[in-house]
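The values are calculated or read from the model by the stated rules, or taken from the named source; none is laboratory data. Given the structure is predicted, the values throughout are model-derived calculations rather than measurements. With ideal geometry, Cβ positions are generated from the backbone for all residues, glycine too; neighbour counts draw on all protein chains shown. All accessible areas refer to the heavy atoms of the entire protein, side chains included, with ligands and DNA or RNA removed. Shrake-Rupley method; radii C 1.70, N 1.55, O 1.52, S 1.80 Å.
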Amino acid sequence: MSKKRNVVLFIASSLDGYIATKDESLDWLYDVEGEGDNGYSEFYSTVDTVVMGKKTYDWIMNQDFKEFPYENKACYVFTRSSTENTKNVTFINEDLTTFADKLKRQDGKNIWIVGGGELLHFFLKENLVDELIITVAPAILGKGIPLFKEGDYQLNLSLKTMRNFNQFVELHYEVQK
């Protein structure tokens, strides 16, 4: 019997719950002294699939990366428009719940929600997220792009682990279903 694949949110947030400034800057995050890669490589080895919204994909493509950052993973980008697949990305324009359920039933490692407030909001509302790993930075932004959108949903969480990487604190929660 194969192990159930989990959908995992792995993300950094300011202490007041923002993932970026209003102008989508992450500069505040790089000002914090971490330790190594703050657990990124360890987490990255537990996933073989990444999902993200189109806005997040566009943001990534506008960064100055030498190569696509998720090259060795199955990468799905949810979009409302029809977009041609690339070597590294499959664009999805179908029912999110059906697609997520299909992914979870396949053999493999965990599935990482890389980002997109809209996508995350939908996944949370539909109870499709199994784990949340949130690395909190000692910064207060006051305003910006919130980690969690206001909405008509509620999740009960159970703390699995907590650890720190110098100034960052990683909180690992399991969603109680």
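Of the residues in the stretch 132-147, at least one is in contact with a His (Cβ under 8 Å, 6 or more places away or on another chain) and crowded, with 20+ Cβ neighbours inside 10 Å. Taking the stretch 41-83 as the range and being assigned to a loop (DSSP other than H, G, I, E, B) and either in contact with a Cys (Cβ under 6 Å, 6 or more places away or on another chain) or of a type in the set (A, V, I, L, M, F, W, C) (or both) as the test, the residues that pass are 65, 68.
Residues that are open to solvent by less than 20 Å² (accessible area, probe 1.4 Å) and in contact with a Phe, Trp or Tyr (Cβ under 7 Å, 6 or more places away or on another chain) were ranked within the stretch 15-48; the one that is farthest from residue 145 (Cα to Cα) is 47. Within the stretch 164-177, the set of residues being part of a strand (DSSP E or B), under 17 Å from residue 137 (Cα atoms) and open to solvent by 80 Å² or more (accessible area, probe 1.4 Å) comprises 164 only. Scanning the stretch 110-123 for residues that are buried (at least 17 other Cβ atoms within 10 Å of the Cβ) and over 8 Å from the mean Cα position of the chain (by Cα) yields 110, 111, 117, 119, 121, 122, 123.
Using the structure shown, decide if residue 150 is closer than 19 Å to residue 50 by Cβ and either among the basic types (Lys, Arg) or surrounded by fewer than 15 Cβ atoms within 10 Å (Cβ to Cβ) (or both). So residue 150 fails the test. Of all residues in the stretch 59-81, those satisfying the criterion of being acidic (Asp, Glu) and either more than 17 Å from the chain's Cα centre (by Cα) or surrounded by 12 or more Cβ atoms within 10 Å (Cβ to Cβ) (or both) are 64, 67.
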